[in-house]
Structures are given as C-alpha cells and as structure tokens.
Ligand code: HEM
C-alpha cells in the first residue's frame, strides 16, 4: 500500500494526524466532499481508514477508471477493505475473467422474460403493503418502504414467504451494511463489526439451507434462476457461489432501492407540482398494477427518479485500487493506490448541471439532456464491466411502487418535520421521513 509521502504532490489534504478524515467522513460526508471539491478541484486526495485515497469526480478521469480499457484497476481489491469479509465473493468482489464468467451466469436471472415475471409477482405485494399506510397517524416512510422492499425481496428474490424470519433477515442486512463503515474492522465484543459478521453468518445459513430445494424445483424467483442458470459455455454456480451471490445481491438490491424510493418521495413531498405531474401521468395507465410493457410510458417518473439518484446516489463511492503505477487526471499514482470514483462530486459540477443543488427533473428531458453533456457526467449505476446488473430491475421496482403510491395517496411532509439525509453507507432520512398521507377517493 503506498504511503502518504508518495501523494504529497497531489492536490488535497492528509487530515488530522492518525485518523485523517475518517471522523469527518462518517459525521458529515457531503460537507467534507463539497469542501474538498471547492478547495482542490474535482479530483483530490484525502486520508481515511488508515490510507490515502484519490477521490475522482472529474468526468474524463471517471470514464478512465470505470471503463478501465487497460485493466489497471481492481474492483475486488478496491472494495475488499470495506466489505470484503462482510460480502465476500459477491460479484463486485471479483475481477476480469472470473468476474466476466460469473456475471454471464447471473445475467440469466435478469433477462426480459424473467423481469416480466418479477413485475407480475411484485404488484399484489405492493398493493397489500401500502394499503395499511393511510391509517397510520405517525406514518414514517423510510421504515415502511424498507419493510415493503424486504417483503418484495423475500418473494421475488427468494421465493419464500419470510414470515417470522423476516425481522431477523432484515436485521442481518442492516447490521452487515452498517458494519461496512466501521472504522475498526475486527470482531470485538459488542462492536458493530461483530454484529455485521453475525448478520453474514445468519444469512449464509438462511440461504445455504435452501439451495438444494431451489435447484430441484421450478420456481420463478431469482434464487431459483441462479440455481439453474448456465453461462454460454455451460458453466454453473456451485452451492457456495449461490449463497455468496444471493447475500451480495440482496444487500445490493435492498438498501439501494429503499434509499432511492425514500429520496424520490422526499423530493416529491416537498415539490407538490412535480408530484401532481407524476400522478397525472400515473393516472393515464389502465391499472394500479404496472405491466412490464407499460414501463416506458412513465417518462416523467423516469426523470424524477433520475434526478433523485443524481442528488442522493445510493452508491456515492465506487472503490477501486490501481494494479500498477499510472497517470490519472494528470497525476502520477503509485501501484496500490486506492481510487474512489465519487458521484457526489460529478453530479454537482456546475459545468454540467444548471443550479445543481436544485431538484429539477426537467433537466433529464430530451430537450435539456444535461446528463448527456459528457458520457460520465451522470453514473448512479456505475459504468463499464461492473455496471449495476440490477439497474433495469431497480427502475421496474421503483415504477411499480410509485405508480401505486401516486394513484392511492397525496403526500406531504408532516407539519414541523425537518429532514436530514445521512449519505453513508447508503443515503437515508435520519428521522425516517414523517409524511401526511391523504387517500385519493
Ligand atoms: C437504485 C438502485 C441501485 C443503484 C443506485 C445501484 C448502484 C450500483 C452501482 C453504482 C454499482 C457499481 C459498483 C462498482 O462498479 O463497483 C452496482 C453494482 C451492482 N448492483 Fe446495483 N444498484 C441498485 C440496485 C440494484 C439492484 C436492484 C440489484 C439486484 C437486483 C443490484 C445488484 C448489483 C450487483 C450484483 C452489482 C455488482 C455488478 C458487478 O460487479 O458486475 N443493484 N450497483
């Protein structure tokens, strides 16, 4: 691992002795990133978790890292420090040829006819989930949507009604994701890291116990698809691969979708005009239940979703590590450098976005197309070989949920409720997003 001395030429700071920027990062990520960007430009150096990190927000450099034409950057080695043990052997923790083979097998579970089936499975569960919201006087969106996405994951991803296991599985996810930002990654008694690893062990058992049954069955859920999937060369996943991929996938899918739905609803609760426009569009569809073939008719919803992902990217940092000495953005980096592609910087660049702090879905209209100002001005789902494999599923799920919410409820922030967004490890509203819901008759 390179030492800090090798970086002093690079614009940026080392932060306070020993801890560097770690505490500032955990307490006020957005503030730290905005300040560093302002003082040092779109690419800069910080120091966290005991190592120097080169943060990359300038779009040309983002493209170089994400497309990685020369195989200079390891995703596995990049993510290993934060989540290597908690989400070991997940797709993002594999590189190059091995990654390509695993991704090809996994892709089978995301083909169009599978997505069509998942959409059909989700609709009735969404209806059941949201119908009780209206009678809750103290309604908080974040815990409610987290529960709903978990219920959807149980059915669509695992094909099992979770029942009494639901709370334990939910807690296991929460603990594992939260542990990914633990400063000390050791299983000390009572530590968040230990809780996270206990969560992982619980999930291993949960999935491991069900592989055989899934492989033998003809289920339509994602877990069954994984168990039966083969690559073009006839390769299959082993039992262990399936368990590892399921744990990673659920983590990757569950919290990101929960987060993006929360930030979308938050902005629509503040902006009644956009909420009305989206509702009007939602009412043009024949049913509360989204049909796969109708997904492209919700173009305003598409723009609003994109805008909330721009402002609150669920994966604000994409970790990589340089495999060899290289030049990036005019800077020489030694082999082993931690490089983090940061959409929090790029998604706010004034050269590419007009009034970047503002919620303005219209910027994604074909006439304005601010996201097209550069191939890498906008990348909430990453790019290159590791581009989010669940992107189309995420769009479908968000549209299916929002269609039903908009057709059933008008919503605004509860009186006096102030919202603070916590950006890491995955953005969420601190106080749970208290809403006032009004049923549409
Ligand atoms: C709004 C929702 C989501 C966002 C913003 C998001 C974002 C991302 C990003 C930025 C990456 C790339 C990370 C990297 O390059 O290191 C990624 C990878 C991944 N995502 Fe998503 N994701 C979302 C939802 C989902 C869903 C719903 C699934 C599964 C159904 C999923 C599964 C994955 C997997 C398996 C990878 C690893 C891909 C690879 O390494 O080849 N994600 N996601």
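Laid out as a table, the results:
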| quantity | calculated |
| --- | --- |
| Test: residue in the range 120-137 that is farther than 18 Å from residue 247 by Cα, touching a strand residue (DSSP E or B) at 6+ places or on another chain (Cβ under 9 Å) and not in a helix (DSSP H, G or I) | yes |
| Test result for residue 66, under 30 Å from residue 185 (Cα atoms), within 11 Å of the ligand (Cβ to nearest atom) and either at pLDDT 95 or above or not in a helix (DSSP H, G or I) (or both) | yes |
| Residue identified as under 30 Å from residue 44 (Cβ atoms) and modelled with pLDDT under 95 among 332, 360 | 332 |
| Condition check for residue 199: part of a helix (DSSP H, G or I), touching a residue at least 12 places away in the same chain (Cβ under 8 Å) and over 19 Å from residue 80 (Cα atoms) | no |
| Selected residue [more than 9 Å from the ligand (Cβ to nearest atom) and within 20 Å of residue 298 (Cα to Cα)] from 412, 363, 321 | 363 |
| Of residues in the range 87-109 being assigned to a loop (DSSP other than H, G, I, E, B) and within 14 Å of residue 246 (Cβ to Cβ), the one farthest from the ligand (Cβ to nearest atom) | 88 |
| Qualifying residues in the range 31-41 (those that are touching a strand residue (DSSP E or B) at 6+ places or on another chain (Cβ under 8 Å) and surrounded by fewer than 23 Cβ atoms within 10 Å (Cβ to Cβ)) - the one farthest from residue 176 (Cα to Cα) | 40 |
| Test: residue 223 is under 18 Å from residue 110 (Cβ atoms) and touching a residue at least 12 places away in the same chain (Cβ under 8 Å) | yes |
| Pairs with Cβ under 6 Å, 6+ apart, first in the range 101-125 and within 16 Å of residue 293 (Cβ to Cβ), second part of a helix (DSSP H, G or I) and modelled with pLDDT of 95 or more | 116/292; 119/292; 119/396; 122/400 |
| Scan of the range 370-394 for residues that are assigned to a helix (DSSP H, G or I), surrounded by fewer than 20 Cβ atoms within 10 Å (Cβ to Cβ), within 12 Å of the ligand (Cβ to nearest atom) and on the phi < 0 side of the Ramachandran plot, ordered by number | 385, 391, 392 |
| Any chance residue 341 is within 15 Å of the ligand (Cβ to nearest atom) and farther than 29 Å from residue 122 by Cα | yes |
| Close pairs (7 angstrom Cβ cut-off, 6 or more residues apart or separate chains): under 18 Å from residue 260 (Cβ atoms) in the range 145-170, outside any loop (DSSP other than H, G, I, E, B) and at pLDDT below 75 anywhere | 150/166; 150/170 |
| Leading residue by the ranking (surrounded by the most Cβ atoms within 10 Å (Cβ to Cβ)) among those in the range 74-88 that are touching a helix residue (DSSP H, G or I) at 6+ places or on another chain (Cβ under 6 Å) and at pLDDT 95 or above | 75 |
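The values are calculated or read from the model by the stated rules, or taken from the named source; none is laboratory data. Only a predicted model underlies this, so the values are computations on that prediction, with no experimental measurement involved. Because the Cβ atoms are built from the backbone with ideal geometry, glycine has one as well, and the counts that use them run over all protein chains shown.
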